[in-house]
Amino acid sequence: MTNLAAMLRNRDVVFILALVLGLSWGDAAVWSKHLVLPALGVIMTLSCLAVPSSIFSQPRGLIRPALSGLILSYVLLTVLMIALSAWLIAEPAFFRGMVVLAAVPPAIVVLPMSVVLDGDPPYTLVATMGAYLGGLVLLPAVFLIFFGSGPLFDLRLALAVVELILGPLLISRLLLKLGWNRWLDPKRGTITNWGFFICVYTIVGLNRQVFLHDPMSILPVALVAVLTTFVLGESLRWFLTSRRLPSSRVISMLMLGTLKNFGLAAGLALTLFDARSAVPATVNTIFFVPYLIWLSLRHRWQVKKATAKVE
């Protein structure tokens, strides 16, 4: 019984379980989709507890991390996604969907995963906020370039900033002031893991039909997904490590440079175009799960390696 409880608290086991259940039995995702936003809100609030309030005492010190988040998510990832899509994807609807995906800011889970993988939470939070605020201008600019017209301001992006970044940050400050973080800290890992379970299971369960119907047609999209996560991630890790950056900063920058907000991209593609244009966001979402598992396994391996050297 003790071993089972330990397994159910293991992050990798929870991720794999969510992926397997989502692909094999995704029926409950119709109901669990209503829990995704609250789950993300809880995860973000718990993650923000790791961010000290002191980082906001010197506003000038926030400029560099905010700009780096903007550069990683838009200059690096957006440009690479669009370039690869133009080269590999012939289907117009899929290309439109990839442009939409490239135009959105980083995934909300970047901060929680930064906490889980021993990244740099203060840096990650400021960098993510910088990318989201910059996205209010860059997202419609990309649409104007590729589609000729587009919304100059998308309310959903503004709501994402409030509901999933500013809101959790303010609530976390209140929890710290009340001292509740001492009670929450021992439970934070388990709550975060099962919050991720709800999100991953729902996303995979709602989109599993993509792999069941005409899977060969999505191979070019899948290839772009692999190149912009696994391949780009390892290349970026090598480059940042060669610059002798702290490992915590490398982990945060790695996720900012490889993960986009797939849920927001899918919603925008459906609203502006059609269901087929939302396929790239769906495919990238499903590859996002094994990528998170890979990051987690790689982190465990690095920790063991570092521990062995000390011993």
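The values are calculated or read from the model by the stated rules, or taken from the named source; none is laboratory data. These numbers come from a predicted model, not from an experiment. For neighbour counting, all protein chains shown are included, and Cβ atoms are generated from backbone atoms with ideal geometry for every residue, glycine included.
Conditions (1) modelled with pLDDT of 85 or more; (2) assigned to a loop (DSSP other than H, G, I, E, B); (3) crowded, with 17+ Cβ neighbours inside 10 Å; (4) not aromatic (F, W, Y), marked per residue:
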position: L236; (1), (2), (3), (4): yes, no, yes, yes
position: L240; (1), (2), (3), (4): yes, no, yes, yes
position: G267; (1), (2), (3), (4): no, no, yes, yes
position: L270; (1), (2), (3), (4): no, no, no, yes
position: I286; (1), (2), (3), (4): no, no, yes, yes
position: W301; (1), (2), (3), (4): yes, no, no, no
position: A306; (1), (2), (3), (4): no, no, no, yes
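Among the listed residues S248, S252, S296, identify the single one that is more than 20 Å from L206 (Cβ to Cβ), in contact with a Ser or Thr (Cβ under 8 Å, 6 or more places away or on another chain), surrounded by 15 or more Cβ atoms within 10 Å (Cβ to Cβ) and among the hydroxyl-bearing types (S, T, Y). Within the list S248, S252, S296, the selection yields S252. Scanning the stretch 238-268 for residues that are free of Cβ contacts under 8 Å to residues at least 60 places away in the same chain and over 17 Å from the mean Cα position of the chain (by Cα) turns up W238, F239, L240, T241, S242, R243, R244, L245.
Tallying residues that are touching an Asp or Glu at 6+ places or on another chain (Cβ under 8 Å) and closer than 16 Å to D120 by Cβ within the stretch 36-79 yields 1. Within the stretch 169-189, being closer than 25 Å to N10 by Cβ and either basic (K, R) or under 19 Å from the mean Cα position of the chain (by Cα) (or both) holds for R182, K187, R188, G189. Can you spot a residue in the stretch 183-205 that is under 24 Å from P122 (Cα atoms), exposed (fewer than 13 other Cβ atoms within 10 Å of the Cβ) and not charged (D, E, K, R)? Yes: one or more hits.
Restricting attention to the stretch 43-54, the residues that are touching a residue at least 12 places away in the same chain (Cβ under 8 Å) and surrounded by fewer than 19 Cβ atoms within 10 Å (Cβ to Cβ) total 2.
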